[in-house]
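Down below is the structure, laid out as C-alpha cells.
Taken together, the values in this text are just the output of simple stated rules run on the coordinates, not laboratory data. All of these numbers come straight from a predicted model, not from anything done at the bench. Virtual Cβ from ideal backbone geometry, glycine too; neighbours counted across all protein chains shown.
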Amino acid sequence: MWFLERLILKRLLLLLVWGLVCGVSSAHAQTSTPPPKQPPIPSQVLTDGRNASLALYFDTLKQGGIGVLHLYGEGITDARAQFVRELWSFVPANDGLFLLLPIGIDLTARQYVLSVSVGYADRTRTLIETLLTVSSGGYGRQEFIVPPDKAYLIAPEIERLEYAHLSGLIDSTPALPRAWDEWGFSLPSTSEITSAFGFYRTLNNTTQTRHTGWDFRAVPGSMVVASAGGEVVYADALDIRGNYVFIHHGYGVFSGYAHLSQFLVTRGQTIQRGQAIGLSGNTGRSNGPHLHWEVNVNGKWVDGVQLTEMWLP
Ligand SMILES: [Zn+2]
C-alpha cells in the first residue's frame, strides 16, 4: 500500500501547490494554466550508419508505460519498429517521424530487442537495433467488492466481450493526425485520486482482473473534462464501464471516461482539451460514485498519469 499512498500523496501535494500558485477553482483552469512541456534531452541517440538518427526519450520502460521514439535524417520516407513480435509504424510530426511505444501491463520485466527498419526515398532500407529494458510497474493487489445488484458483472466473459468491443472501436477508427496541443494531456478531474493504474484486483474474492485506469473520487454530477483535444468515437452505455465516453486524440491515442451519470458530448463530435464531456456517476461495475479514467496507446492500456507528465511530439 505504501506505493499507492506515496502516489496519492504526491498527487495531492501537486494539486495543492498548483491550487496555491494559480488560485485554481475550476477544472478548465487547472488544465490550461501550466506552461507547455519542453522537449527533454534524449537519453540515447542511435544511428543506422547512413542518415538516420533514432532518439530515445527514456532509459527504461515500465510495464504499462509509454516510450517516445524520434527518427530523423535526410531522405527518410518511413519507419517501422518491431518490439516483442509486434510491428508499429512511425508517424510524421515536427521534424521527423515519431512513435509512441506502448508497453503491455502484463509484459514480463526483462530486456527485449527493439528493431527499427528505416525506409529511404531510393527504396532502400536500413536497420537500427538496440536493447530495451522493461521494468516492473510494482503494481500491488487490491480486493474489490462489487455490490450484490451488480455482482453479475464480474463474469470474466462480460469483461472479455467489453475489451473486444473497445478493441474493435480502436481498430475501426480511421487514423487522425495529432489532436493534442503543446500542453499535451491533463487530468480529467480535480478530485482526489482513490485508486492507481495497474492494480491486480480480486473482485468479490473470485474474479481476477487488472485496473487499466485511474480512479477519482467524485460526487455524482462532478464535471469531467477531456484530457486533450480529439474526436468522440463512443458515448454510450457499456456493461462494466457504464456510461462511457471514448475519445480519439490522433496517432492511436485514446482516452476513456467511465461510470458517468450524464453525457455532454455525442459520437463524432470534435472536442477541445478541458472541455466538459460528461458528469461523473456510479453506472456500470462500480462500487461507489467515482470517475474511472483510462488511456489506450496503439492498442494497449497504459498509465494515463505518465502521459500527462511526459513531453509528447
Ligand atoms: Zn477504475
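What FRET efficiency would be calculated for the residue pair residue 94, residue 236, taking the C-beta separation as r and a Förster radius of 45 Å, to the nearest 0.05? Mind dumping the intermediate values first?
Details: r = 35 Å, r/R0 = 0.78.
The value I calculate is 0.80.
Once both labels are positioned 7 Å from their Cα atoms along Cα-to-Cβ, the gap between residue 127 and residue 37 label points is 3.2 nm.
Farthest toward the positive end of the dipole of the stretch 57-97, out of 79, 89, 63, is the Cα of 63, where the dipole comes from beta carbon charges about the Cα centre. Relative to the current alpha-carbon distance between residue 51 and residue 219, full extension at 0.36 nm per residue lengthens the span by 55.0 nm.
In this rough spin-label picture, where each label sits 7 Å from Cα along the Cβ direction, the residue 161-residue 135 distance is 4.1 nm. Model label sites at residue 115 and residue 181, defined 7 Å from Cα along the beta-carbon direction, differ in position by 4.2 nm. Summary value for the stretch 124-229: 34 percent relative contact order, contacts being C-alpha pairs under 8 angstrom separated by 6+ residues. Rounded to the nearest 10 degrees, the inclination of helix 2-22 to the longest alpha-carbon principal axis of the chain is 90 degrees. Lys/Arg Cβ at +1, Asp/Glu Cβ at -1, dipole of the chain taken about the Cα centre: which of 127, 229, 259 is farthest positive-ward? Going by the Cα projections, it comes out as 259.
If you run the Gaussian network model on the chain, springs between alpha carbon atoms under 10 Å, then out of 214, 183, 88 the most flexible one is 88.
Suppose a student asked you for the relative contact order of the chain, using Cα pairs under 8 Å spaced at least 6 residues apart; what percent would you report? Computed value for the chain: 18 percent relative contact order.
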